[in-house]
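**Student:** Below: one structure in structure tokens.
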Amino acid sequence: MFVERTLTSPLLETARHFPAVLVTGPRQVGKTTLLDHCLAEKKVHRVSLDSIPDRELATRDPALFLQRYPPPVLIDEVQYAPGLFPYLKIEADRRQTGGLFWLTGSQQFELMKNLSETLAGRVGILKLQGLSQAELAGRTTAPAFLPTAEALRQAERTTAPVALMPLYERIWRGSFPAIATSDVSHDVFYSSYLQTYIQRDVRDLTRVGDEGTFLRFVRAAAARSGQLLNMADLARDVEADAKTIKHWLSILETSGLIYLMEPYHSNLTKRLVKAPKLYFLDTGLCSFLTRWTSPQALEAGAMSGAMFETYALAEILKGYWHNAKTPAVWFYRDKDGKEIDLLLEDSGVLYPIEIKKTARPMPQMVGQFSTLHRLDKPLGPGALLCVVERHLPLTADVHAVPVSYL
């Protein structure tokens, strides 16, 4: 089942201006499906470097590879042949036209850095994650979320309310297209996904020595989704040194499985904490790793609130990435314990967001927003993301907003 993606229009527009377009993101989020959809009416060669013979040819003889697959060409998993990148540059400079190379990459690491350095100014890089709730609802033109009055009115007109348990069904199943649009077994899908990820990507590209310990690390990280990252605590639980944990976190981050949200800093906020917060970008994978066996168990369990927050943040980030925008997002926490879940910045204005699993929002839940006046920055309207059916005012400049608006 094909679901129209928000990134389609930005992708086609990018291809008009760049010889190469690179779509990055985790495995199985639909990168190749998206490109195939965009190229359905074009005569384009297609090749995947997951294929060992094609990978070996691209590595051994890049010039011959491009003779066999001349542009325009779609190259899947291009990170496996970094020696190909200079030849793409030569061809791009020779032809001087857009849409020559349509590339996907599910791992970034040093190999993907090589691509952006070699093709600097010649490649447009876009991020794709799993299906957003807006895409699943057919709202592919939905903009990135901001809690402005007009945006809330527009969301109210176009969005259907989602009850608590259907919401947790969506959270538990996750956003990978293969599971979000079918009734495939949760356990079968995610156990297979982890096996593919660890064996094909982590082992081949990063040479993680102890795969069993790495899997324990991934599970321990999932259990901390929505929390401040405590490296020492994580290292202790996994029984690995801090340097290894830092390296493994970078693997999860650059493969698009986690997001490390930095605290907000300014010259006037010397007392803010420095550690980032860790979030998994797919709540289905996070639920599987933390062994929640059903949506009902997840909703009633100890991670219910953290998973709701994880889901909300992931949807906000998808709203930006799938519109080909870079999110300016932080959290706020000072050493006095004052905390705000999320700050969105747009055109120099800060929009405070609190995320709570509640159907009874109260003004005191956003009381910490008043601390932002000390930042001496323009402040926009705020929001409490929760499970109400429609947005409603909490204070003069803060609304309770359904998470379904994202």
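The values are calculated or read from the model by the stated rules, or taken from the named source; none is laboratory data. Please read these numbers as outputs of a predicted model, since none were measured by experiment. A quick note on method: Cβ atoms are made from the backbone with ideal geometry, for glycine too, and the neighbour counts reach across all protein chains shown. Each accessible area value is taken on the protein alone, full model and side chains, heavy atoms only, with ligands, DNA and RNA left out. Shrake-Rupley method; radii C 1.70, N 1.55, O 1.52, S 1.80 Å.
**Student:** Between T118 and D36, how many nm apart are label points set 7 Å from Cα along the C-beta direction?
**Tutor:** For the pair T118/D36, the computed spacing is 2.6 nm.
**Student:** Which order, highest average first, do 171-181, 138-148 follow once you tally other Cβ atoms within 10 Å for each residue and take the mean per peptide?
**Tutor:** On the way: 171-181: 22.0, 138-148: 17.7.
Sorting 171-181, 138-148 by mean packing, highest first, produces 171-181, 138-148.
**Student:** Give me the angle, in degrees from 0 to 90, between the Cα long axis of helix 186-196 and the longest principal axis of the Cα atoms of the chain, rounded to the nearest 10.
**Tutor:** It is inclined by approximately 50 degrees.
**Student:** Follow-up question, since we're still on this one. What is the mean projected area of the alpha carbon convex hull for region 1-147, to one decimal in square nanometres?
**Tutor:** 9.4
**Student:** Using the scaling law 2.2 N^0.38 Å as the reference, what is the normalised Cα Rg of region 293-406? Could the numbers behind the result be given before it?
**Tutor:** Values: Rg = 14.5 Å, N = 114, 2.2 N^0.38 = 13.3 Å.
My calculation over the Cα atoms of region 293-406 gives 1.09.
**Student:** Rule-of-thumb check for region 257-350: C-alpha Rg over 2.2 N^0.38 Å?
**Tutor:** Taking N as the residue count of region 257-350, the ratio is 1.22.
**Student:** Just tell me which aspartates and glutamates come within less than 19 Å, Cα to Cα, of K377; anything on the same chain fewer than 8 places away is out.
**Tutor:** Leaving aside aspartates and glutamates fewer than 8 places away in the same chain, those within reach of K377 are E262, D334, E339, D341, E345, D346, E354, D397.
**Student:** Taking K127 as the anchor, which lysines have their alpha carbon closer than 16 Å to its alpha carbon, excluding any fewer than eight residues away along the same chain?
**Tutor:** K31, K113, K318, K325
**Student:** Additional query: Report the equivalent ellipsoid semi-axes for region 1-60 in whole Å, largest first, defined as the square roots of five times the eigenvalues of the gyration tensor built from alpha carbon atoms.
**Tutor:** 22, 15, 12
**Student:** Then there's this: What list of ³J(HN,Hα) values in whole Hz, one per residue of region 380-393 in order, does the Karplus curve 6.51 cos²θ - 1.76 cosθ + 1.60 (θ = phi - 60°) give from phi, with Gly and Pro shown as x?
**Tutor:** Calculated HN-Hα couplings, in order: x, x, x, 8, 10, 6, 8, 10, 6, 7, 9, 5, 8, x Hz.
**Student:** Over the Cα atoms of region 102-186, what is the Rg over Rh ratio if Rh follows Kirkwood? Working shown, then result.
**Tutor:** Details: Rg = 17.7 Å, Rh = 16.2 Å.
Rg divided by Rh gives 1.09.
**Student:** Follow-up question, since we're still on this one. Calculate, for the chain, the solvent-accessible area per residue in square angstrom, rolling a 1.4 angstrom probe over the heavy atoms of the protein chains.
**Tutor:** Working: 17690 Å² over 406 residues.
That works out to 44 Å² per residue.
**Student:** Can you pull out the trypsin sites (Lys or Arg not before Pro) in region 285-325 that DSSP calls coil and that have at most 14 other Cβ atoms within 10 Å?
**Tutor:** Loop-located and lightly packed - R291, K325.
**Student:** How do W292, W248 stack up against each other in accessible area, from largest to smallest, with a 1.4 angstrom probe? List each step's numbers first, then the result.
**Tutor:** Values: W292 55, W248 20 Å².
Listed by decreasing accessible area, they come as W292, W248.
**Student:** What is the mean projected area of the alpha carbon convex hull for region 306-354, to one decimal in square nanometres? Mind showing how you got there, number by number?
**Tutor:** Values: hull surface 15.7 nm².
That works out to 3.9 nm², a quarter of the Cα hull's surface.
**Student:** Starting from 0.36 nm per residue, how many nanometres of slack lie between E156 and L379 once their C-alpha separation is accounted for? Could you put the intermediate results ahead of the total?
**Tutor:** On the way: separation 223, 0.36 × 223 = 80.28 nm, distance 2.32 nm.
Computed gain between E156 and L379 is 78.0 nm.
**Student:** When we measure straight from the Cα of K89, which aspartates and glutamates land under 16 angstrom away, once same-chain ones fewer than 8 places off are left out?
**Tutor:** Cα-Cα hits under 16 Å: D61, E117.
**Student:** Per residue of region 285-302, in order, report the coupling 6.51 cos²θ - 1.76 cosθ + 1.60 (Karplus, θ = phi - 60°) as ³J(HN,Hα) in whole Hz, putting x for Gly and Pro.
**Tutor:** Per residue, the Karplus-derived 3J(HN,Hα) values read 4, 5, 5, 5, 5, 9, 6, 8, 8, 7, x, 5, 5, 5, 5, 8, x, 5 Hz.
**Student:** In region 159-205, if every C-alpha pair distance is counted and binned at 10 Å from zero, what percent goes to each bin?
**Tutor:** Spelled out bin by bin, region 159-205 gives 23, 41, 24, 10, 2 percent.
**Student:** Could you give the length gained by full extension between E262 and R139, i.e. 0.36 nm per residue of separation minus their alpha carbon distance, to one decimal place? Walk me through the numbers on the way to the answer.
**Tutor:** Working: separation 123, 0.36 × 123 = 44.28 nm, distance 2.94 nm.
Between E262 and R139, full extension yields an extra 41.3 nm.
**Student:** Residue separation times 0.36 nm, minus the C-alpha to C-alpha distance between T371 and T97: what's the value? List each step's numbers first, then the result.
**Tutor:** Working: separation 274, 0.36 × 274 = 98.64 nm, distance 5.11 nm.
Full extension of this stretch gives 93.5 nm more.
**Student:** Report, to the nearest whole %, how much of the accessible area of the chain belongs to carbon and sulfur atoms, 1.4 Å probe, protein only. The partial results should precede the final answer.
**Tutor:** Values: 9060 of 17690 Å².
Roughly 51 percent of what the probe reaches on the chain is carbon or sulfur.
**Student:** Counting each pair of different Cα atoms once, what's the Kirkwood radius of the chain in Å, rounded to one decimal?
**Tutor:** On the way: mean 1/r = 0.0447 Å⁻¹.
With all distinct Cα pairs of the chain included, I get 22.4 Å.
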